[in-house]
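Just dropping this structure here.
The values are calculated or read from the model by the stated rules, or taken from the named source; none is laboratory data. In this text, all values refer to a predicted model and were calculated from it rather than measured experimentally. For neighbour counting, all protein chains shown are included, and Cβ atoms are generated from backbone atoms with ideal geometry for every residue, glycine included. To get the accessible areas, we keep the full protein, side chains included, count just its heavy atoms, and leave off ligands, DNA and RNA. Shrake-Rupley method; radii C 1.70, N 1.55, O 1.52, S 1.80 Å.
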Amino acid sequence: MENHSPIQYWRDEIERNAYNAAFFELGLRWHWDGETYDRLMGLSQSANERIGHYLKTHQPHLLKAYDAEFLAEAIEQKKELHRKREMASSSYFNWAESHGVELGA
């Protein structure tokens, strides 16, 4: 993480990175880049609504097996754990670099 970036950018990056960590941990093969994250943030103040919108527009097949609210809650819970961990740590793991990488491969 670059320390000379504006604090809001740093917070947004931590939040976006925490989402990507949550996706990875839950076995969801998706990744939010900066553009996707910014677009979703502009849609609603509600995280569940933003996730629901993403599911409907980019992952509709998941909605055949899972309830959108259930997925949004699971993602938010994992995201919050990762966000807190990242805020408490001075290290930064770029989940974009792991996109498409399989564990044990």
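Place the peptides 70-76, 26-32, 16-22 in order of packing, highest mean first, counting for every residue the other Cβ atoms within 10 Å and averaging per peptide.
16-22, 70-76, 26-32
Keeping every protein chain in place, order D12, D33 by accessible area at 1.4 Å, biggest value first, i.e. largest first.
These residues rank, largest area first, as D33, D12.
Go through the stretch 66-74 residue by residue and turn each phi into a ³J(HN,Hα) via Karplus (6.51, -1.76, 1.60, θ = phi - 60°); whole Hz please, and just put x for glycine and proline.
Each residue of the stretch 66-74 in turn: 10, 6, 4, 5, 4, 5, 4, 5, 4 Hz.
What is the diffusion coefficient of the stretch 20-79 in µm²/s, taking the Kirkwood radius over Cα pairs and the Stokes-Einstein relation at 37 °C with a viscosity of 0.692 mPa s?
283
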